[in-house]
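Everything below concerns the one structure shown next.
The values are calculated or read from the model by the stated rules, or taken from the named source; none is laboratory data. Here the structure is a predicted model, which means the values were calculated and not measured. Note: ideal-geometry Cβ built from the backbone for every residue, glycine included; neighbour counts use all protein chains shown. Just the protein is used for accessible areas: all its heavy atoms, side chains included, with ligands, DNA and RNA removed. Shrake-Rupley method; radii C 1.70, N 1.55, O 1.52, S 1.80 Å.
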Amino acid sequence: MELSWGRRYVMVEPTHFRVEYVINPFMDPADQPDPQLALAQWRDLVATIERLGGTVEALPQRPDAPDMVYAMNLGLGLVRADGAEHVVLSHMRYAERRMETGSAHPWFAERGFATSYVGRDGVGAHLEAGDAFAFGDALVVGYGPRTEELALKHLASDLGIRVRGLRITHPGMYHLDLAFCPLDDRRAIVCPAALDEASAAAVLALVPEPLVLTEEEALTTFCANSIVIGRTVVMPACPDRVRAQLEEWGFTVVIVDVSEFHKGGGSIRCLTNPVDVRIGRDLPSVPGGEVVLPPV
Ligand code: ARG
């Protein structure tokens with residue numbers, strides 16, 4: 001069954017995108033993005049999403065927040081069991097990105113979203129929403145480099161859902177969205193090399209039909225950092241082997257070049273934030289919440 005979410009996206013128009021500091025292994029301030037090309041690539045991505053039947057709402061980029069273009073990390077948007085739209089705002093690991101939620105918070109609130117935090121400066125836990133995906137019977141959340149384990153407990157109890165944690169150990173796959181991409185209710189792209197041994201086993205047990213990427217495929221092509229709209233996978237690049245499997249499963253691959261954004265360490269998924277995951281439809285409602293962690 002195809003994904004029912006992934007049709008409504010929040011994005012940030014890249015008017016102040018640059019590589020100003022280094023918080024992941026891809027970033028190098030000596031290798032700056034071309035602003036015109038970045039904007040053209042971003043517009044191409046928006047047009048592709050719209051052509052495939054998705055919608056995009058864009059918020060302006062703060063001049064002091066060069067990484068804000070990676071809108072996936074602003075927060076985790078969900079439709080709650082009571083029908084209310086809700087966003088759990090991220091609490092970024094690095095101070096360089098923390099001001100982003102200062103703009104995202106009022107933007108979501110003005111659009112009718114209920115808002116909450118699982119951590120803010122000095123209290124609670126780090127959460128970066130690029131680590132979280134609805135899949136199977138749970139919200140699957142990567143933790144380690146960015147999101148902290150404590151955030152999983154807060155998410156589960158605050159939202160009344162099951163959260164399944166995966167421990168990320170690879171410094172180059174610092175968000176789960178660089179190593180995991182749900183394709184439909186049974187299938188997902190996964191790169192177990194991003195995870196420790198127990199979590200690699202856990203993710204393979206979780207996905208009935210995994211499309212397993214090598215470490216090299218994930219790191220050099222960003223192909224896990226893709227989005228799915230119905231039966232179409234919008235990808236920054238696609239190795240032939242991966243394309244053959246996707247097509248055999250009935251998916252259409254559409255490539256959108258977002259090379260400028262790879263300079264900051266993110267690709268298509270990082271630029272897009274789906275806010276239409278529904279508790280009770282895409283994730284079971286679990287009153288009181290439940291956290292399932294891999295064995296240590
Ligand atoms: N420079 C950004 C950072 O390191 C890139 C974010 C990529 N986003 C993502 N969802 N993986 O935070």
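Distant-in-sequence amide contacts of residue 255, defined by a placed amide H-H separation under 5 Å and a gap of 5 or more residues or a different chain, comprise 235. Could you tell me which of rounded, prolate or oblate describes the range 47-146, using a ≥ b ≥ c as the square roots of the eigenvalues of the alpha-carbon gyration tensor, with rounded for a/c under 1.5 and, failing that, prolate when a/b is larger than b/c and oblate otherwise? Rounded, since a/c falls under 1.5. With all protein chains in place and ligands, DNA and RNA left out, the 1.4 Å accessible area ranks 285, 199 as 285, 199, largest first. What the Cα atoms of the range 163-268 give is an Rg and a Dmax of 12.9, 35 Å. Debye-formula intensities of the range 1-42, expressed as log10 I(q)/I(0) at q = 0.19, 0.24, 0.26, 0.28 Å⁻¹, are -0.72, -0.88, -0.94, -1.01 (one equal scatterer per alpha-carbon, no solvent).
Gain on full extension, evaluated as 0.36 nm per residue between residue 20 and residue 137 minus their Cα-Cα distance, stands at 38.2 nm. The HN-Hα couplings worked out from phi for the range 23-31 by the Karplus form 6.51 cos²θ - 1.76 cosθ + 1.60 (θ = phi - 60°) are 10, 8, x, 8, 7, 8, x, 7, 10 Hz, whole numbers, x standing for Gly and Pro. Under 5 Å from the amide H of residue 211 lie the amide H atoms of 188, 189, 190, each residue being 5 or more positions distant or on a separate chain, with H modelled from the backbone and absent for Pro and chain starts.
Would you work out what percent of the accessible area of the chain, with all protein chains in place, is carbon or sulfur (probe 1.4 Å)? Walk me through the intermediate numbers first.
Details: 5720 of 10940 Å².
Its accessible area is 52 percent carbon and sulfur atoms.
Comparing 107, 249, 42 in a Gaussian network model of the chain (Cα springs below 10 Å), the most mobile by mean-square fluctuation is 249.
Here the 3J(HN,Hα) profile of the range 4-13, calculated from phi with Karplus coefficients 6.51, -1.76 and 1.60 at θ = phi - 60°, is 8, 9, x, 10, 10, 10, 9, 9, 10, 5 Hz, Gly and Pro shown as x. Under 5 Å from the amide H of residue 285 lie the amide H atoms of 280, each residue being 5 or more positions distant or on a separate chain, with H modelled from the backbone and absent for Pro and chain starts.
Every helix of 4 or more DSSP H residues in the chain counts as -39500 (n - 2.57), and over all residues that averages to -7000 deg cm²/dmol at 222 nm. Of the complete DSSP H runs in the chain, none spans 30 angstrom or more by Cα along the long axis with a mean Kyte-Doolittle score not below -1.0. Scaling the Cα radius of gyration of the chain by the globular reference 2.2 N^0.38 Å produces a ratio of 0.91. For the range 32-78, the square roots a ≥ b ≥ c of the C-alpha gyration tensor eigenvalues yield an a/c of 1.5 or more together with a/b not exceeding b/c, which makes the shape oblate. If you run the Gaussian network model on the chain, springs between alpha carbon atoms under 10 Å, then out of 269, 51, 97 the most flexible one is 51.
Pick from 25, 66, 284: which is most flexible by mean-square fluctuation in a GNM of the chain where alpha carbon atoms under 10 Å apart are linked? Of 25, 66, 284, the most mobile in the Gaussian network model is 25.
Using θ = phi - 60° in the Karplus curve 6.51 cos²θ - 1.76 cosθ + 1.60, the 3J(HN,Hα) couplings for the range 132-138 round to 10, 9, 6, 7, x, 9, 7 Hz; x is entered for Gly and Pro. Putting +1 on Lys and Arg Cβ atoms and -1 on Asp and Glu Cβ atoms, find which of 172, 232, 124 reaches farthest to the positive end of the dipole of the chain. Going by the charge dipole, the pick is 124.
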